[in-house]
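Just below is one structure, and these are the notes that go with it.
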Amino acid sequence: MNGTHARVAMVTGAGSGIGKAVSLALAADGFELVLVGRRAEPLAAVAAQITRLGRRALIAVADITDARLTQQLFSNVALEFGRLDLLFNNAGVNARLAPLEDLTPQEWQAVIDVNLTGAFLCTQEAFRLMKRQTPRGGRIINNGSVSAVTPRPHCAAYTASKHAITGLTKAAALEGRGYDIACGQIDIGNVATAIGAHIVQGTLQADGSVAAEPTMSMQHVADAVRYMAGLPLDANVLSLTVMATRMPLVGRG
């Protein structure tokens, strides 16, 4: 990335888990941060840590599934920082674990709205800003999932949304390359988070059994995103998988 200006990164779902870890890692690498989420309190706690690292942090409580609010979010970023160098589309949700035929249309739509439409709206606004700013361009990193290609049972909405993210990543990489916009994806498998505690305790397998699975430190994910974010814009990681070595992914089923 161009080193003649302060680098600005936006992270969605920045108040906890992967979003928090990546935000702190990017701040340590010199980025100013825009922290996006639905709850002010956890965002403020992350912002305080970033401030102690000597970097600026803008808190943005926003619903990224709302096109009008997302447009306003990026307008505020342009006013506050003048540019955006990195967007990490991290915000994501899952529905309750249920057989495909038992999932309600409302549960399906809620997952698609956040995981796919939210990422699309943020990508769309990032394109608009990155095309017109000087220096032109920037980088977009989408948080996919290993489940996009190797699903878990009873996760149809989540799997479909992450499979679609891969399509969005490739489309954005194609359309962005003529404007110095690089787009890539990180697919994560079995990171140790509070929301993923069931993986260690025991989770449903493809054969119907329940088994505990190994996990890896969240720091490995943060380090992988740091690597992707630190590349010059003439180089891109289109797809990167970081996973617990012993998790039952390869050969699952």
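Only Cα pairs under 8 Å and at least 6 apart count here; give the relative contact order of the chain as a rounded whole percent.
18 percent.
For a quick check: sort Ile186, Ile199, Ile59 by the number of other beta carbons within 10 angstrom, fewest at the front.
Lowest to highest Cβ neighbour count: Ile59, Ile199, Ile186.
Show me the trypsin sites (Lys or Arg not before Pro) within the range 96-140 that DSSP assigns to loop and that have at most 16 other Cβ atoms within 10 Å of their Cβ.
Here the trypsin sites (Lys or Arg not before Pro) that fit, given the DSSP loop and packing criteria, are Arg96, Arg136.
Calculate the dipole size of the chain relative to its Cα centre from +1 charges on Lys and Arg beta carbons and -1 charges on Asp and Glu beta carbons; express the result in debye to the nearest 20.
So the magnitude is around 560 debye.
Nearest 20 debye, what's the magnitude of the dipole of the range 56-199 about its Cα centre given +1 on Lys and Arg Cβ and -1 on Asp and Glu Cβ?
Taking the Cα centre of the range 56-199 as origin, the dipole is about 560 debye.
Hey, got the Cα dimensions of the range 151-253 along the principal axes, in Å, largest first?
49, 27, 24
Calculate, for Trp108 and Ala211, the FRET efficiency according to 1/(1 + (r/R0)^6) with r their C-beta to C-beta distance and R0 30 Å; round to the nearest 0.05.
0.65
For the range 178-253 and the range 38-104, write down the distance between their C-alpha centroids in whole Å.
For the range 178-253 versus the range 38-104, the Cα centre distance is 20 Å.
Starting with the highest mean, order 222-233, 142-153, 169-180, 98-109 by the number of other Cβ atoms within 10 Å, averaged over the residues of each peptide.
Packing proxy ranking, top to bottom: 142-153, 222-233, 169-180, 98-109.
Ranked highest first by the average count of other Cβ atoms within 10 Å around their residues, in what order do 208-219, 75-86 fall?
75-86, 208-219
Modelling each spin label as a point 7 Å along the Cα-to-Cβ direction, I'd like the Val93/Lys131 distance in nm, to one decimal.
Result: 3.0 nm between the two label points.
For the chain, build the charge dipole from Cβ charges (+1 Lys, Arg; -1 Asp, Glu) around the Cα centre, then report which of Gly82, Gly138, Ile64 sits farthest towards its positive end.
Ranked along the dipole, the leading option is Gly82.
Along the charge dipole of the chain, which of Ala229, Trp108, Thr203 sits closest to the positive end, that is, farthest toward it, with unit charges on the beta carbon of Lys, Arg, Asp and Glu (+1, +1, -1, -1)?
Toward the positive end, the furthest listed residue is Ala229.
Would you be so kind as to identify which of Ile186, Ala173, Pro214 lies farthest towards the positive end of the dipole of the range 153-232, taking Lys and Arg as +1 and Asp and Glu as -1 on Cβ and the Cα centre as origin?
Ala173
Report the equivalent ellipsoid semi-axes for the chain in whole Å, largest first, defined as the square roots of five times the eigenvalues of the gyration tensor built from alpha carbon atoms.
Equivalent ellipsoid semi-axes, largest first: 30, 19, 18 Å.
What full-extension length gain, to one decimal in nm, is calculated for Ser239 and Gln219 as 0.36 nm per residue of separation minus the Cα-Cα distance?
Contour length minus the Cα-Cα distance gives 5.3 nm.
The numbers here are math on the coordinates, done by the rules we state, and not lab data. Keep in mind that this is a model prediction, so the values were computed, not measured. FYI the Cβ positions are ideal-geometry reconstructions off the backbone, even for glycines, and counts take in every protein chain you see.
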